[in-house]
1. I want to make sure I understand the PRE zone here: with the label point 7 angstrom from the Cα of residue A:224 toward its beta carbon, which residues in the stretch A:277-298 have backbone N atoms less than 11 Å away?
2. From the P(r) of the protein assembly as shown, could you give the percentage of C-alpha pairs in the tail past 38 Å?
3. Hey, if you drop one equal point scatterer on each alpha-carbon of the stretch A:10-103 and run the Debye formula without solvent, what base-10 log of I(q)/I(0) do you get at q = 0.13, 0.14 Å⁻¹?
4. Taking only C-alpha pairs under 8 Å that are 6+ residues apart, what is the relative contact order of chain A in percent?
5. Averaged across B:56-68, how many Cβ atoms of other chains sit within 10 Å of each residue's Cβ atom?
6. Label 7 Å along Cα→Cβ of residue A:113; the stretch A:9-23 residues with amide nitrogen under 20 Å?
7. For chain A, set up a Gaussian network in which alpha carbons nearer than 10 Å are linked by springs, and say which option among A:41, A:316, A:224 fluctuates the most.
8. Whole angstrom only: what separates the Cα centroid of the stretch A:258-293 from the Cα centroid of the stretch A:1-74?
């Protein structure tokens, strides 16, 4: 269930992107922390599938479908939005590789059995599967995250960690942007559908509250300014859902637009979720102002969704780049 | 198993034509089979991903692991050779 798109041949349920999206939204409506763990697990599985070879699928995917938890490490102290600044190094040493580096804010790392760590390798980059208990691995939980507080965010230090060479996915150096884009595309789909869940939870809570609580002799929903907030919340949920459905359809039909549609869905859904959650707090007012309330959690969690798996600004840059048509004039300026 | 076990049959010529058609549609320019797409600067990481997914769905192959190396996508000829090799290896 945590990585439901893995096929039955590896012990998974083999859901398509659309069905997994609806599942992700269902979980995300209840708990964005659990949904974040799903995102990590699914992204780990997808990274193994995309960057690994068939033998590595057979080795690692059954572990991910049978209870082992996984986290995926991209961000570093000096490499957040600019992943090309990544310093984690995977170095050959006979039948082993040596992994050295630091990763920060890695979702689910506190719980993880396996760490899928991105780093440079043989002039390119790839990911390596590191058991969380390997000597030289130190995992330190982020003490007080703003949101998704049970998602097990942690910093990871890898001090000359030795793992078998066949844990290096693909066994070769790949172009870093391609390797990370491939993995992040799954994460973006999952976050986007999770944001749909946040919006559904906010809409349900807002509709329930504003149709039962009375002020000035009428239920809240009959006050026009309140009704407008409800309408906008409904539009936000529909808008995010449509963007996710479109991106999932691209994924499921193998459309070349899949990666860019995932960026679009993540951008739209996280923006709508952050605005929608703020609107829901406004509607519920003091009823939602205590920390554990579903709408209070949505408010904190949604803001993080505008940051994770590519900030809104990075998404905007990718989308802007996508609209640019290469011409003789710009061709030399656009970098691979 | 042979290449013909895949739905639709492809030769180097038909694969190259399809790749060139896709590139022209996406970049609004024509590409010689040996022109390096990446050194020309016309290709972003998103576009590289588009190429991967398009080749997979057009030719019914899985491109994973070491096959994602940049050299396999550098030219129309390189992509054609990879597609034909994968179609033979993945019956």
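1. Taking a point 7 Å out along Cα→Cβ of residue A:224, no residue of the stretch A:277-298 has its backbone N under 11 Å.
2. Taking all Cα-Cα pairs of the protein assembly as shown, the fraction more than 38 Å apart is 24 percent.
3. The calculated log intensity ratios at q = 0.13, 0.14 Å⁻¹ are -0.60, -0.69.
4. 18 percent
5. Partner-chain Cβ atoms within 10 Å, mean over residues of B:56-68: 5.
6. A:9-14
7. A:224
8. Between the Cα centre of the stretch A:258-293 and that of the stretch A:1-74, the gap is 24 Å.
Rule-based calculations on the coordinates, nothing more; no lab input. Note that the structure is a prediction, hence the values are computed from the model and not measured. Cβ coordinates were reconstructed from backbone atoms using ideal geometry, including for glycine residues, and neighbour counts include every protein chain displayed.
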